Structure formats: C-alpha cells, structure tokens
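Everything below concerns the one structure shown next.
The values are calculated or read from the model by the stated rules, or taken from the named source; none is laboratory data. Since we're looking at a predicted model, the values are computed, not measured. Here the Cβ positions follow ideal geometry from the backbone for every residue, glycine too, while neighbour counts run over all protein chains shown.
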Amino acid sequence: MRSLKQIGEFEFIETIATLPRNKKSVIQGIGDDAAVVRFKKNKYLLFTTDMLLEDVHFLRKQRPQDIGHKAIAASISDIAAMGGVPEYALFSMGLPPDLKISFAKGIYQGIKKIARDFDIDIIGGDTNRSKKIIISVFIAGYVERKNLTLRTGAKIGDLIFVTGGLGGSEFGRHLKFTPRVKEARFLVKNYSINSMIDISDGLIQDLGHITKASKVGALIYEANIPLSTKAKSIKNACSQGEDFELLFTLPKKHRQYLMKNWPFKNKPRLSCIGQIVHANAGLKIRDEKGRLKRLKAAGYQHF
C-alpha cells in the first residue's frame with residue numbers, strides 16, 4: 001500500500017475531494033482557495049481554513065507577533081483569491097505546556113492586529129496541549145455572485161498576471177506579507193477576471209492548479225517574471241512559494257486599460273507574465289534566449 005509521501009499532497013487532496021456532497025447550496029467544495037456556499041440571491045458565503053505548524057511554517061525563534069500575523073493572513077489571502085471579503089475568524093492553538101506565556105500572548109497580539117486591519121471579528125476558537133505550536137485558523141467571508149472568481153475559468157487567449165515580486169520569502173517576507181484583498185476587489189469589480197489563485201505553493205505549481213482546473217495550458221515568459229529584492233534566482237521565484245501574491249487571468253483586450261489604471265502606484269507592482277494556451281501545449285516557459293521548456297508543476301508539498 002502506498003504512503004502519503006509516495007502519492008504527494010495534491011493526489012491525496014484529489015482522493016478526499018471525491019467525498020459526497022448532499023447539499024445543493026454548495027457551489028464549490030474541495031479544490032479551490034475557499035469553499036463557496038449559496039447565501040442570498042446575489043451573494044455567496046466563503047469558508048477557508050489553514051493550519052500552521054512549528055518547524056514547518058515558522059520557527060520558535062521568530063517573533064510571535066509575526067507568527068500570529070501569518071497564521072491569519074494566509075486565510076485572508078485565500079478569501080482574496082476568490083474575489084471576496086473576509087468577515088469572521090475562529091482560531092485554535094495547540095501549545096506546549098512549557099511555552100512562555102509572553103510568547104503565547106505575542107501570537108495572539110499578531111492575530112488581533114491583522115484582524116483589526118482587515119475589519120475581521122474573531123468570534124471563538126479553542127486551545128489544547130501539544131508538543132509543538134500548532135495554529136489553526138478558520139475564516140468566513142462573502143463575495144457577490146457576479147464577482148466570484150474560481151480556478152476553473154481560465155480561457156485560451158487570456159493573459160496571465162501576477163502582483164508583486166516573487167521569491168525570497170524565506171528571508172522573513174512569508175511572515176509579514178499583506179494579503180491582497182484591496183487589489184483583488186479592485187480587479188473583480190472592474191474587470192472580467194476569468195480565474196485567480198494566491199501563490200502559496202509556488203508560481204509554477206499554482207499556475208498548474210489553474211491550468212488543470214480550467215483544462216488549458218500556459219506559456220510564461222522568464223523575462224517577465226517579477227523578482228522580489230531577495231529572490232535568489234528565477235528558479236527560486238518559480239517554485240519556492242509563500243509569496244501570497246495574486247495570480248490571475250483575464251481577456252487580452254483588457255491589458256492596456258488595466259496596466260494604465262492600476263491604482264496602487266506599483267505597491268504592489270503588476271506584471272503580465274504569459275498567456276493561456278491550448279491544453280495540448282501543456283505548461284511551458286520561454287527563456288530569455290527564446291528557448292521553450294516544458295514545466296512540471298513543481299513547488300512545495302507537505303508529503
């Protein structure tokens with residue numbers, strides 16, 4: 001019998017995604033950044049959850065406030081990727097008995113601050129004993145029906161855009177990033193965004209999620225990939241993950257207007273990195289010498 005390490009994280013997710021759904025109110029279950037449930041005629045509820053583990057997502061030597069920030073910011077980023085607005089949060093923590101109370105309070109202070117920044121009400125949770133620090137966050141939000149953006153809508157001919165710079169997140173940015181809620185709301189309110197995801201597992205892997213869900217291929221241009229100031233290389237920017245930037249596609253006709261009217265004064269910057277192509281073409285990158293290379297959806301996996 002195969003192990004989780006042999007099949008990998010995403011094959012395991014595909015396996016449990018086959019669990020039956022009985023309620024017709026579920027619009028989108030497992031397989032996107034957040035679950036989508038019918039709420040009102042013109043509005044959907046969004047649900048997402050993330051779990052952070054000590055020595056996997058953070059180290060105890062790092063600032064507890066930054067750890068708390070990341071714990072809830074990762075889930076806020078998921079809501080942004082659906083075009084939505086985060087509203088309520090529950091968080092649970094597993095804590096070692098010998099952990100200093102000041103450290104535990106610091107985590108909560110980080111959670112509380114970013115929740116206040118995004119007008120999120122923390123309405124409950126749980127605490128438990130554990131060998132290492134574990135933080136689990138659940139966020140509920142909403143999105144207007146017309147603004148809901150899934151991974152499944154990319155169309156051949158769409159251009160591929162990304163916000164911000166990629167790579168180098170291990171040098172602290174993965175603990176201090178700003179979820180792109182404002183940027184996502186601007187996009188879905190003003191443009192026909194066909195698909196969107198936040199970059200948590202790496203540019204190539206997350207683009208692969210879009211192409212697989214949408215049954216299309218993609219061509220990206222190495223020269224157009226925006227590097228962060230701490231990125232070590234193009235490879236690092238493509239595969240490392242935890243950038244928490246938006247990756248989205250929209251019709252080619254909107255490119256000039258979007259670039260001209262991007263209201264955030266290059267903070268974050270906006271880059272067009274490629275285009276959606278036929279599924280038969282697969283996922284490819286054109287390097288700066290014009291050579292084409294087929295890509296595998298490489299990035300971070302837990303197993």
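Name the residue, out of Val56, Val85, that is at pLDDT below 95, under 25 Å from Ile199 (Cα atoms) and not assigned by TED's automatic domain parsing to the domain that holds Thr178. It would help to see each step written out before you state the result.
Details: Val85 fails: at pLDDT below 95.
Just one listed residue meets the conditions, Val56.
Out of (1) out of contact with any Leu (no Cβ under 6 Å at 6 or more places or on another chain); (2) over 22 Å from Ile76 (Cβ atoms); (3) at pLDDT below 95, the odd one out for His302 is which?
(2) is the only condition that His302 fails.
Kindly indicate the residue of the stretch 150-189 that is among the charged types (D, E, K, R) and outside any loop (DSSP other than H, G, I, E, B) and also nearest to the chain's Cα centre (by Cα) among those meeting that condition. Explain how you work it out, then say what you get.
Within the stretch 150-189, the first condition is being among the charged types (D, E, K, R), and the residues that meet it are 151, 155, 158, 170, 173, 176, 180, 182-183, 185, 189.
Subsequent filtering for residues that are outside any loop (DSSP other than H, G, I, E, B) retains 151, 170, 173, 176, 182-183, 185, 189.
Numbers: Arg151: 11, Glu170: 16, Arg173: 15, Lys176: 15, Lys182: 15, Glu183: 13, Arg185: 15, Lys189: 19 Å.
Selected residue: Arg151.
Looking at (1) surrounded by fewer than 23 Cβ atoms within 10 Å (Cβ to Cβ); (2) under 30 Å from Asp55 (Cβ atoms), can you tell me which one Ile120 breaks?
Just one mismatch for Ile120, condition (1).
Residues are listed down the side, and each one gets a yes or a no for (1) in contact with a helix residue (DSSP H, G or I) (Cβ under 9 Å, 6 or more places away or on another chain); (2) at positive phi:
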site: Lys23; (1), (2): no, no
site: Gly29; (1), (2): no, no
site: Ala35; (1), (2): no, no
site: Gly83; (1), (2): yes, yes
site: Leu99; (1), (2): no, no
site: Tyr108; (1), (2): yes, no
site: Ile111; (1), (2): yes, no
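When the stretch 171-190 is examined, which residues are found to be surrounded by fewer than 16 Cβ atoms within 10 Å (Cβ to Cβ) and either among the hydroxyl-bearing types (Ser, Thr, Tyr) or under 26 Å from Lys230 (Cβ atoms) (or both)?
Phe171, Gly172, Lys176, Lys182
Pairs only if they're at least six apart or on different chains, beta carbon under 6 angstrom, first in the stretch 65-82 and touching a residue at least 60 places away in the same chain (Cβ under 8 Å) and closer than 24 Å to Leu148 by Cα, second acidic (Asp, Glu) and crowded, with 24+ Cβ neighbours inside 10 Å; list them, first residue then second.
Ser77/Asp198; Asp78/Asp33; Ala81/Asp33; Ala81/Asp198; Met82/Asp33
Spot the failing condition for Val143; the list is (1) surrounded by 20 or more Cβ atoms within 10 Å (Cβ to Cβ); (2) under 16 Å from Thr249 (Cβ atoms); (3) β-branched (Val, Ile, Thr), and only one is missed.
So the condition that Val143 fails would be (2).
Within the group Leu246, Leu207, which residue is out of contact with any Ser or Thr (no Cβ under 8 Å at 6 or more places or on another chain) and at pLDDT 95 or above? Steps first, please.
Working: Leu246 fails: out of contact with any Ser or Thr (no Cβ under 8 Å at 6 or more places or on another chain).
None of the others qualify; the one that does is Leu207.
Which condition breaks for Ser136 when tested against (1) under 21 Å from the mean Cα position of the chain (by Cα); (2) part of a helix (DSSP H, G or I); (3) polar (S, T, N, Q)?
In the conditions (1) under 21 Å from the mean Cα position of the chain (by Cα); (2) part of a helix (DSSP H, G or I); (3) polar (S, T, N, Q), Ser136 misses (2) alone.
Which numbered condition trips up Lys235, out of (1) under 18 Å from Lys155 (Cα atoms); (2) part of a helix (DSSP H, G or I)?
Lys235 satisfies every listed condition except (1).
So Ala231 passes all but one of these: (1) buried (at least 20 other Cβ atoms within 10 Å of the Cβ); (2) aliphatic (A, V, I, L, M); (3) farther than 30 Å from Phe39 by Cα; (4) at pLDDT 95 or above. Which condition number does it fail?
(4)
Scan the stretch 67-118 for residues that are among the aliphatic types (A, V, I, L, M), in contact with a Ser or Thr (Cβ under 8 Å, 6 or more places away or on another chain), under 29 Å from Leu247 (Cβ atoms) and not in a helix (DSSP H, G or I) and report the count. First the steps, then the outcome.
Here is the first cut: in the stretch 67-118, the residues among the aliphatic types (A, V, I, L, M) are 67, 71-74, 76, 79-82, 85, 89-90, 93, 95, 99, 101, 104, 107, 111, 114-115.
With the extra rule that they be in contact with a Ser or Thr (Cβ under 8 Å, 6 or more places away or on another chain), the set shrinks to 73-74, 79, 81-82, 89, 93, 95.
Add one more test, that the residue is under 29 Å from Leu247 (Cβ atoms), and what stays is 73-74, 79, 81-82, 89.
Narrowing the set further to residues that are not in a helix (DSSP H, G or I) leaves 82, 89.
Within the stretch 67-118, residues that are among the aliphatic types (A, V, I, L, M), in contact with a Ser or Thr (Cβ under 8 Å, 6 or more places away or on another chain), under 29 Å from Leu247 (Cβ atoms) and not in a helix (DSSP H, G or I) number 2.
Would you mind telling me which numbered condition in (1) crowded, with 20+ Cβ neighbours inside 10 Å; (2) small (Gly, Ala, Ser); (3) out of contact with any Lys or Arg (no Cβ under 7 Å at 6 or more places or on another chain); (4) on the phi > 0 side of the Ramachandran plot Gly167 fails?
The single condition Gly167 does not satisfy is (3).
Being assigned to a loop (DSSP other than H, G, I, E, B), free of Cβ contacts under 8 Å to residues at least 60 places away in the same chain, touching a strand residue (DSSP E or B) at 6+ places or on another chain (Cβ under 6 Å) and surrounded by fewer than 19 Cβ atoms within 10 Å (Cβ to Cβ), is that true of even one residue in the stretch 243-263?
Step one: of the stretch 243-263, the residues assigned to a loop (DSSP other than H, G, I, E, B) are 243-245, 251, 262-263.
Cutting the leftovers down to free of Cβ contacts under 8 Å to residues at least 60 places away in the same chain gives us 262.
Filter once more, so that each one left must be touching a strand residue (DSSP E or B) at 6+ places or on another chain (Cβ under 6 Å): 262.
Restricting the remaining residues to those that are surrounded by fewer than 19 Cβ atoms within 10 Å (Cβ to Cβ) gives 262.
Yes: the stretch 243-263 contains one or more residues that are assigned to a loop (DSSP other than H, G, I, E, B), free of Cβ contacts under 8 Å to residues at least 60 places away in the same chain, touching a strand residue (DSSP E or B) at 6+ places or on another chain (Cβ under 6 Å) and surrounded by fewer than 19 Cβ atoms within 10 Å (Cβ to Cβ).
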